[in-house]
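The values are calculated or read from the model by the stated rules, or taken from the named source; none is laboratory data. Every value quoted in this text rests on a predicted model; they were computed, and no experiment measured them. Cβ: placed from backbone, ideal geometry, glycine included. Neighbour counts: every protein chain shown. Surface accessibility is based on the protein's heavy atoms, side chains included, excluding ligands, DNA and RNA. Shrake-Rupley method; radii C 1.70, N 1.55, O 1.52, S 1.80 Å.
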Amino acid sequence: MLVGVPKEIKNHEYRVGLTPEAAREYISNGHRVMLETNAGSGIGKTDDDYRAIGTEIVDTPQEVFASADMIVKVKEPQPGEWVQLREGQILFTYLHLAPDPDQTRGLMEAGVSAVAYETVTGPNGGLPLLAPMSEVAGRLSIEAGAHALRAHNGGRGTLMGGVPGVLPAKVVILGGGVVGTQAARMAVGLGANVEIFDRSLPRLRELDEMFQGRASTRYSTAGTIEQAIADADVVVGAVLIPGASAPHLVQREDLKLMKPRAVLVDVAIDQGGCFETSHATTHEEPTYEVDGIIHYCVANMPGAVPLTSSYALNNATLPFGLALANKGLKACEDDPHLKLGLNVHEGKIVNAAVAESLGF
């Protein structure tokens, strides 16, 4: 199979679909890899690094899309990309279709078989291809919140960890999954006062045991969230419903309960966001203000650390990508976990959560 890797074109996206090490694994399995020139430059890899292991380098993305049997990317295809996809081709990347009907229609019209990283499941539960980027985004969310809190960035002027005699910032984390756990680890490490919300009592018990009193856990209801955000300095939205739109846990009317110039960091923005006032931003212009509250809603947060992110992502996606390259779509028939990653096939949505979210 010919596996194509175009250069990512989303705003400030520097990750790459295949690292040289991952590309070498495909080639060792008898496949060809075609890379758009400079696709690896964001992680410090040159075309020569790829050539050295047998990768074919081409000058344009059009050559990649026209030739490849399977396209491996990081972020969802942009409008100029999805029109180049075709029937019989496999697309393997993050899609996040639930809040994006235009992309969904574009993929359906192209007839491509689109396998989404974020809905592939693991044998023990969880989302193994989403997890590494959730780990990165969770950790970055606290860095982003701390940065946005600074007065010159419009924030309250609060130091995350405080100093002797001055209270630290209060960080409220909505969701105790991978993102929430990693956010809590970072916030606790900086000395913040941390509360983690979830609706799973078993998960809250695990978190309570994990943090040993360094972070508090609370059962999530509308009332407890309102209480917590009232004196929060940073609120991290970390709720995920696989394939579906994120629920709005903080409404616009709730913003008036918050301290002026407090910060909302919406890690769920790829799935539509879990704050009513959220809309996607970019690394170029990461924040905006609504009713005196700073919002950070960058839709590709891990793109800020592309070297770490690309290797973490490739470590997780490689076995599944090789299965698709070796077997084609039969890999989805053979593996029920990979089958759940198939979102669009032959012009139809074939993932129930995605279809329901879009009303298709």
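Listing for the model above:
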| quantity | calculated |
| --- | --- |
| Single residue of the range 317-340 satisfying the filter (open to solvent by 30 Å² or more (accessible area, probe 1.4 Å) and not in a helix (DSSP H, G or I)) that is farthest from Gly122 (Cα to Cα) | Leu329 |
| Those residues of the range 306-349 which are under 21 Å from the mean Cα position of the chain (by Cα) and without any contact (Cβ under 8 Å) to a residue 40 or more places away in the chain, in sequence order | Pro319, Lys339 |
| Breaking point among (1) out of contact with any His (no Cβ under 6 Å at 6 or more places or on another chain); (2) in contact (Cβ under 8 Å) with a residue 24 or more places away in the chain, for Leu264 | (1) |
| Among residues of the range 81-109, those that are open to solvent by less than 40 Å² (accessible area, probe 1.4 Å), more than 17 Å from the chain's Cα centre (by Cα) and more than 23 Å from Glu63 (Cβ to Cβ), counted | 1 |
| Residue list for the range 333-360, filter: under 15 Å from Val112 (Cα atoms) and in contact with a strand residue (DSSP E or B) (Cβ under 6 Å, 6 or more places away or on another chain) | Gly341, Leu342, Asn343, Val344, His345, Val350, Asn351 |
| When residues of the range 100-138 are limited to those that are part of a loop (DSSP other than H, G, I, E, B) and in contact with an Asp or Glu (Cβ under 8 Å, 6 or more places away or on another chain), the one nearest to Ala183 (Cα to Cα) | Leu130 |
| Considering residues of the range 11-27 that are in a helix (DSSP H, G or I) and touching a residue at least 60 places away in the same chain (Cβ under 8 Å) only, the residue nearest to Ile90 (Cα to Cα) | Tyr26 |
| Residues that are assigned to a loop (DSSP other than H, G, I, E, B) and open to solvent by 30 Å² or more (accessible area, probe 1.4 Å), drawn from the range 243-271 | Ser245, Pro247, His248, Leu249, Gln251, Lys259, Pro260, Arg261 |
| Close pairs from the range 136-153: first closer than 17 Å to Glu195 by Cα and of a type in the set (Val, Ile, Thr), partner open to solvent by less than 70 Å² (accessible area, probe 1.4 Å) and at pLDDT 95 or above, Cβ under 6 Å, at least 6 apart | Ile142/Ala183; Ile142/Met186; Ile142/Ala187 |
| Qualifying residue in the range 28-41 (condition: open to solvent by 50 Å² or more (accessible area, probe 1.4 Å), under 24 Å from Met301 (Cβ atoms) and assigned to a helix (DSSP H, G or I)) | yes |
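Residue by residue, here is whether (1) open to solvent by 10 Å² or more (accessible area, probe 1.4 Å); (2) at pLDDT below 95; (3) under 25 Å from Lys256 (Cβ atoms) holds:
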site	(1), (2), (3)
Gly157	yes, no, yes
Val179	yes, no, no
Arg185	yes, no, no
Gly191	yes, no, no
Arg203	yes, no, no
Leu207	no, no, no
Ser216	yes, no, yes
Gly223	yes, no, yes
Ala228	no, no, yes
